[in-house]
Amino acid sequence: MKRETRRYIRELAYYSSLGFQVALSIFIGLAIGVYLDRRFDLYPWLTLVFLGLGIAAGFRNIWLAIIKSERSPQERDIK
């Protein structure tokens, strides 16, 4: 397989997993918040805080993907 084809397949796999990463970040934040709310009886405050952190982490993943896509192919291979 050509080197360029491998690079395209690798990038396709990375970008196709981006939605999963965002959803997982949000779900983990929500789960931690619900758990801590039940443990400390502070419902809904910790759920909202950790849900916000999960959403922020998801958007951070999107931002990093945008930054990565703007770099040249040679720079992407280095990092």
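FYI, it's all coordinate maths here, none of it is from the lab. What you are looking at is a predicted structure, and each value in this text was computed from that prediction instead of being measured. As a convention, Cβ positions derive from the backbone with ideal geometry for all residues, glycine included, and neighbour counts pool all protein chains shown.
Which whole-number percent gives the relative contact order of the chain, counting Cα pairs below 8 Å spaced six or more residues apart? List each step's numbers first, then the result.
On the way: 59 pairs, mean separation 23.1, N = 79.
Reported as a whole number, the value is 29 percent.
Counting Lys and Arg as +1 and Asp and Glu as -1, each charge on the Cβ, what is the dipole of the chain about the Cα centre in debye, to the nearest 20?
Details: 12 positive and 7 negative charges, 90 e Å.
Roughly 440 debye, rounded to the nearest 20.
Provide the per-residue ³J(HN,Hα) series for segment 35-42, in order, calculated from phi with Karplus coefficients 6.51, -1.76, 1.60 and θ = phi - 60°, each as a whole number of Hz, with x at glycine and proline positions.
Once θ is set to phi - 60°, the couplings for segment 35-42 become 4, 5, 4, 5, 5, 9, 6, 10 Hz.
In Å and on Cα atoms, what radius of gyration and Dmax does the chain show?
17.4, 57
Provide the per-residue ³J(HN,Hα) series for segment 17-34, in order, calculated from phi with Karplus coefficients 6.51, -1.76, 1.60 and θ = phi - 60°, each as a whole number of Hz, with x at glycine and proline positions.
8, 5, x, 5, 4, 5, 4, 5, 4, 5, 5, 5, x, 5, 5, 5, x, 5
What is the order of ILE66, ILE32, fewest Cβ neighbours within 10 Å to most? List each step's numbers first, then the result.
Details: ILE66 9, ILE32 17.
Fewest-to-most ranking of ILE66, ILE32: ILE66, ILE32.
Considering the options LEU51, TRP63, TYR8, tell which one lies farthest towards the positive end of the dipole of the chain, charges being +1 on Lys and Arg and -1 on Asp and Glu at the Cβ, about the Cα centre.
The listed residue farthest towards the positive side: TYR8.
Under the Karplus relation 6.51 cos²θ - 1.76 cosθ + 1.60, θ = phi - 60°, what is the ordered set of whole-Hz ³J(HN,Hα) values for segment 59-70, x standing for Gly and Pro?
Along segment 59-70, the couplings run 5, 5, 4, 5, 4, 5, 5, 5, 4, 5, 6, 7 Hz.
Sticking with the crude label model, points 7 Å out along Cα→Cβ, report the distance from PHE40 to LYS2 in nm, one decimal please.
Spacing of the two 7 Å Cα→Cβ label points: 5.6 nm.
Give me the distance in nm between label points sitting 7 Å out from Cα along the Cα-to-Cβ direction at LEU24 and ILE66, one decimal.
2.2
Based on other C-beta atoms within 10 Å, arrange LEU64, LEU53 from fewest to most.
On the way: LEU64 12, LEU53 17.
Neighbour counts put them in this order, fewest first: LEU64, LEU53.
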